[in-house]
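What follows draws every value from the coordinates through simple rules; no lab data is involved. Small disclaimer: the values here were computed from a predicted structure and weren't measured. No Cβ is skipped: glycine too gets one built from the backbone with ideal geometry, and neighbour counts run over all protein chains shown.
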Amino acid sequence: YAIWANSPQDIYVVGKSVVLHSTDKGVTWTRRSLPGKSRHVSIWGTGKTLFVVGVFPDVFLRSDNRGKTWTKITRRLGSGFTGIRGVSKREMYAYGRKGKLSRFLRYRKLLTEAFDEGFDAGQCQRPRKGIDRRVNGRVRQ
């Protein structure tokens, strides 16, 4: 389960196949179903756009209308993500198992990096020297 707030009034909670949304500081909630039967573990958004990541099975979802409808993001963007964090309206990171971290600008995958063991992907730190960089499927040092 995960929680994300666009503001103190605008709150989202995600769980197994459901998103709860409140626009009144959590006094009342609207329940919306998510496609599939994944255990949804992370949510982040900006404006009307929301992203949800789920596991077992892996899923990456996007909504452009505050969660009313959802679109599965294609496998081309990757799988195995366990969380998402936004840095700005244009930049987002999705992180996951085995140190996987992908950076999205304007919500397109630009860079996937394989980090050393022990990297805490949940904190979305900047890459350290000597880390593999996979750009468009090619590995660069």
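Structural remarks
- Of the peptides 29-40, 88-99, the order by per-residue mean of other Cβ atoms within 10 Å, starting with the highest, comes out as 88-99, 29-40.
- For region 1-51, the Cα-based Rg and Dmax, in that order, read 10.4, 29 Å.
- Percent of Cα-Cα distances greater than 22 Å, calculated over region 1-100: 22 percent
- For Ser22, net neighbour charge (Lys/Arg +1, Asp/Glu -1) across residues whose Cβ lies under 14 Å away: +2
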